[in-house]
Amino acid sequence: MASFLKSFLDPKKNPLAAMHMKSVSKRLRRYGLRYDDLYDPLYDLDVKEALNRLPREIVDARNQRLKRALDLSLKHEYLPEDLQKMQTPFRSYLQDMLALVKKERAEREALGALPLYERTIP
Amino acid sequence: MANKQLLSLARRSHKPPSSFTVVRSSSSAAEEFIKPPPPTAMIYDRIAHSLKSKLQKLEKPDIRFLKYGSPHPTQSSHTHILSLPETKITTLPNGLRVATESTSNSRTATVGLWIDAGSRFESDETNGTAHFLERMIFKGTEKRRSEEEIENMGGHLNGYTCREETAYYAKVMGNGVLKAVDILADMLQNSKLEEGCISRERDAILREVQAGEHTEEAVFDHLHSTAFQYSPLGRSIHGAVANIKTISTEHLHHYIHTHYTTPRMVLAASGAVKHDQIVEKANKLFTKLSSDSTTAKEPATFTGSEVRIINDYVPLAKFAIAFEATSSTDPDSIALMVMREMLGSWNKNAGGGKHMGSELAQRVSINGIAESMMAFSTNYKDTGLFGVYAVAKPDCLGDLSFAIMSAITKLAYRVSEDDVIRARNQLKSSLMLHTDGTSPVAEDIGRQLLTYGRRIPIAELFARIDAVDPSTIKRVANRYFYDRDIAISAIGPIKELPDYNWFRRRTYWNRY
């Protein structure tokens with residue numbers, strides 16, 4: 001069942017999905033970002049905990065990519081064409097750690113303990 | 001070494017891909033040579049790849065490490081440890097009870113006298129005599145200097161005074177037990193309480209009273225004095241300063257004569273001891289004490305009240321909140337012990353940290369609202385106290401009070417089976433782990449004989465603990481916590497601590 005639904009979303013099988021992936025990839029490549037850079041630690045505290053656990057070099061690279069994208073957006077520019085061709089927008093570094101963090105939080109809640117962090121609405 | 005690694009890292013990450021230089025030279029014809037770099041080019045990609053493989057290993061945990069670490073508390077059977085050595089008790093003709101528990105494999109022993117006399121039995125004018133007397137008794141008798149003789153044997157001589165009992169005990173090697181009994185009997189019956197010693201001791205006690213004004217003991221002293229005001233349990237153990245200054249030899253002798261009587265004493269021994277030898281020795285030695293068994297005791301009355309001592313110059317605020325609990329002989333005291341384990345204790349050095357079992361400890365540690373927190377449950381002959389003591393910084397007192405009161409009142413409404421089983425297991429193991437040497441065992445024997453009149457066998461104690469289930473907890477909490485007066489005592493920078501009516505309102509919920 002799950003794999004049947006997944007075939008709807010698979011870019012290799014569904015041309016609409018391929019068009020969506022190409023468009024997302026183009027927009028991310030224009031600013032030199034990866035898909036995992038778009039996860040906001042202020043929005044979801046699990047992302048904050050996952051970023052805390054990742055090694056320093058990965059988080060530094062993410063921050064540098066975000067700073068470069070902010071600079072480009074400020075100047076209303078895109079990344080140079082040759083650099084755009086070298087981008088890898090779907091190379092992931094966060095998904096596994098994020099899944100682990102969410103699994104741990106679900107286990108803690110299932111055991112009836114209080115959550116370690118809770119998002120407070122400012 | 002680290003420098004070398006940093007340099008090689010920098011060199012590797014700065015190495016440009018070979019296609020890059022080709023592109024720069026001819027732009028138009030070589031566009032199809034531009035490709036995204038492989039995942040091994042940049043260091044962050046390499047690290048992410050190795051991290052991914054490590055995380056995938058976590059999907060299949062090794063069963064060997066999960067064999068004993070289950071997060072669900074389970075009831076287990078302890079029948080193999082319940083048959084501990086039997087406590088032999090003999091009552092001498094003059095009323096003195098001799099109780100021993102001999103463990104054949106130990107080479108040391110503790111022998112001591114536990115007396116049903118304490119600061120509770122004094123009056124307002126004589127408050128402080130019990131503690132003073134306990135200090136003076138160590139100073140020497142007519143024939144010998146007791147401390148020196150015990151130390152010569154290689155033993156320790158110690159004593160303490162509580163509100164309801166006084167104890168003198170000596171830890172010695174197995175072959176020195178009878179001599180220790182001799183010394184103890186001599187100390188109690190033939191102490192020379194001379195004036196010179198008394199005045200020196202008086203100064204020492206006055207200095208101690210002054211030094212102890214900011215400690216944890218001070219909070220509990222104030223708590224007792226406000227909770228049991230106008231009643232003997234409210235008096236502090238070391239007494240009022242004016243009384244300390246006027247205590248004399250006649251007061252001390254009078255106290256010995258009226259309160260150190262043989263029916264109120266228990267000679268307890270544990271370790272490498274033989275019951276018959278000690279009984280024989282006790283029969284011969286304890287002859288000069290009176291056998292009067294009247295224990296004149298005023299009933300203690302609990303008054304819901306508070307005492308707050310504001311002092312903005314100390315960094316931490318310490319406060320204790322207490323409900324009136326039950327006497328030690330009431331069967332509900334076991335349920336209160338289990339509830340004390342359910343509330344638990346926490347301090348910043350606790351190994352469990354944010355992952356402890358008690359919900360109050362979790363709330364306190366996750367939000368960082370206290371430096372340390374401890375639930376306590378003390379029982380006296382006819383009453384008791386149950387509550388929480390906490391030390392915190394001055395700015396989080398409101399949150400901390402809310403957490404404490406909601407945790408206590410929740411025990412009357414919602415109690416989960418898991419929490420009760422975990423608390424029961426913790427209580428059983430803490431009771432057993434505490435009595436792990438000859439001294440704790442002797443103290444346990446002495447105290448139990450004085451409070452219960454018998455030594456409760458471990459099997460019965462475990463059975464009573466196992467009989468506590470969630471409905472019992474709710475019933476006991478309704479009896480002692482639901483809409484009942486409390487006593488609060490606080491010292492330090494407590495301006496933000498909520499007032500008495502705030503606490504009193506939170507002893508019940510209107511939700512159900």
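Every number here is computed from the coordinates shown, using simple stated rules; none is lab data. Computed from a predicted model, the values in this text were never measured in an experiment. Note that each Cβ is placed from the backbone with ideal geometry, even for glycine, and that neighbours are counted across all protein chains shown.
Considering only B:HIS224, B:GLY212, B:PHE376, whose Cα is most displaced toward the positive end of the charge dipole of chain B, charges sitting on Cβ of Lys, Arg (+1) and Asp, Glu (-1)? Projecting each Cα onto the dipole axis, the largest value belongs to B:PHE376.
Computed from point charges on the beta carbon alone (+1 for Lys and Arg, -1 for Asp and Glu), the dipole magnitude for the protein assembly as shown about its Cα centre is near 3720 Debye. Is chain A rounded, prolate or oblate when judged by the Cα gyration tensor, a ≥ b ≥ c being the square roots of its eigenvalues, rounded requiring a/c under 1.5 and prolate requiring a/b larger than b/c? Because a/c hits 1.5 or more and a/b fails to exceed b/c, chain A counts as oblate.
When DSSP beta bridges are restricted to pairs lying wholly in the protein assembly as shown, around 80% turn out antiparallel. Calculate how steeply helix A:15-31 sits against the longest principal axis of the alpha-carbon atoms of chain A, using the helix alpha-carbon long axis, and give the answer as 0 to 90 degrees to the nearest 10. It works out to around 80 degrees. For segment B:179-313, the gyration tensor built on C-alpha atoms gives a prolate shape. Its axis ratio a/c (a ≥ b ≥ c) is at least 1.5, and a/b is the larger of a/b and b/c. Volume per residue for the protein assembly as shown equals 252 cubic angstrom (convex hull of Cα atoms).
Close Lys pairs in segment B:305-505 (alpha-carbon distance under 22 Å; sequence gap of 8 or more, or different chains): 10. Ranked for footprinting exposure by Cβ neighbours inside 10 Å, fewest first, B:TYR169, A:TYR35, B:TYR480 give A:TYR35, B:TYR480, B:TYR169. Placing +1 on the Cβ of every Lys and Arg and -1 on the Cβ of every Asp and Glu, with no other charges, gives chain B a dipole of roughly 2340 debye about its Cα centre. Dipole magnitude for segment A:1-121: computed about the Cα centre from +1 point charges on Lys and Arg Cβ and -1 point charges on Asp and Glu Cβ, it is near 500 debye.
In terms of its C-alpha gyration tensor, segment B:291-440 comes out oblate, because a/c is 1.5 or above while a/b does not outweigh b/c. Secondary-structure-derived ellipticity at 222 nm for chain B, considering helices only, amounts to -13000 deg cm²/dmol, per-run term -39500 (n - 2.57) for DSSP H runs with n ≥ 4. Ordering B:VAL172, B:SER53, B:TYR260 by the projection of their Cα atoms onto the charge dipole of chain B, which places +1 on the Cβ of Lys and Arg and -1 on the Cβ of Asp and Glu, puts B:SER53 at the extreme positive end. Axis angle, to the nearest 10 degrees, between helix A:56-74 and the longest C-alpha principal axis of chain A: 50 degrees. Only helices enter this figure: runs of n ≥ 4 DSSP H residues, each worth -39500 (n - 2.57), summed and divided by the residues of chain A, yield -19000 deg cm²/dmol at 222 nm to the nearest 500. Along the axis of the charge dipole computed for segment B:322-446 (Cβ charges of +1 for Lys and Arg, -1 for Asp and Glu, origin at the Cα centre), the listed residues B:PHE386, B:LEU433, B:TRP346 are led at the positive end by B:TRP346. When GluC sites (Glu not before Pro) are flagged only if DSSP places them in a loop and at most 12 other Cβ atoms lie within 10 Å, the longest unflagged stretch of chain A comes out as A:1-76. Summarising the overall dimensions of segment B:255-296 from its C-alpha atoms, the Rg and Dmax are 12.1, 36 angstrom.
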